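None of the figures in this text is laboratory data; all of them are computed from the coordinates on show. Quick caveat: nothing in here was measured; it's all calculated off a predicted structure. In this analysis, Cβ positions are derived from the backbone assuming ideal geometry, glycine residues included, and neighbour counts consider all displayed protein chains.
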Amino acid sequence: MRDFKKYDVWKDSMKMVKQIYQFSLSLPKEEKFGLVSQMFRAVVSIPSNIAEGTSRHSDVEFKRFLEIAIGSSFELETQLLLCEEIGFVNKENVEILIIEINKIQKQLNNLILKIKQDNKL
């Protein structure tokens, strides 16, 4: 069994959870059960799926959970862009977070590619 806590992508996605919770404080209170709730689900899904994937016994299953995590990262990126588009926050605040999300996406993609290459998938 793999130790999810040793993966840099898990560590970085845990930091992202904290960043999004902090970011949410700048959003309108009326969005607590709308966009904010969606963002929380998406951001928490990233490290959660990485962790759950490490509990699986096959690389194919691990890869599937990493793919779910990367999907959640793209959901989160879209939700942040919506926050900007709607006018809840300024572009600079969103861009900083998106740079971090893109880093996580690259890490996840590299890990998925490594699993594919190692297993000739």
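Assorted remarks:
- Of the listed requirements (1) part of a helix (DSSP H, G or I); (2) touching a Ser or Thr at 6+ places or on another chain (Cβ under 9 Å), R2 misses just one: (1).
- Candidates in segment 20-41 are the residues that are in a helix (DSSP H, G or I) and basic (K, R); of these, the one that is nearest to M1 (Cα to Cα) is R41.
- Qualifying residue in segment 42-56 (condition: of a type outside the set (S, T, N, Q), under 19 Å from D3 (Cβ atoms) and assigned to a loop (DSSP other than H, G, I, E, B)): yes
- Qualifying positions in segment 57-72 - part of a loop (DSSP other than H, G, I, E, B) and hydroxyl-bearing (S, T, Y): S58
- Qualifying residue in segment 22-34 (condition: charged (D, E, K, R), surrounded by fewer than 17 Cβ atoms within 10 Å (Cβ to Cβ) and either in contact with a Ser or Thr (Cβ under 9 Å, 6 or more places away or on another chain) or closer than 30 Å to K120 by Cβ (or both)): yes
- E77 satisfies every condition listed in (1) assigned to a helix (DSSP H, G or I); (2) closer than 24 Å to R2 by Cβ except (2).
- Taking the criterion of being more than 18 Å from S37 (Cα to Cα) and over 11 Å from the mean Cα position of the chain (by Cα), the residues of segment 88-105 that qualify are N90, K91, E92, N93, E95, I96, I99.
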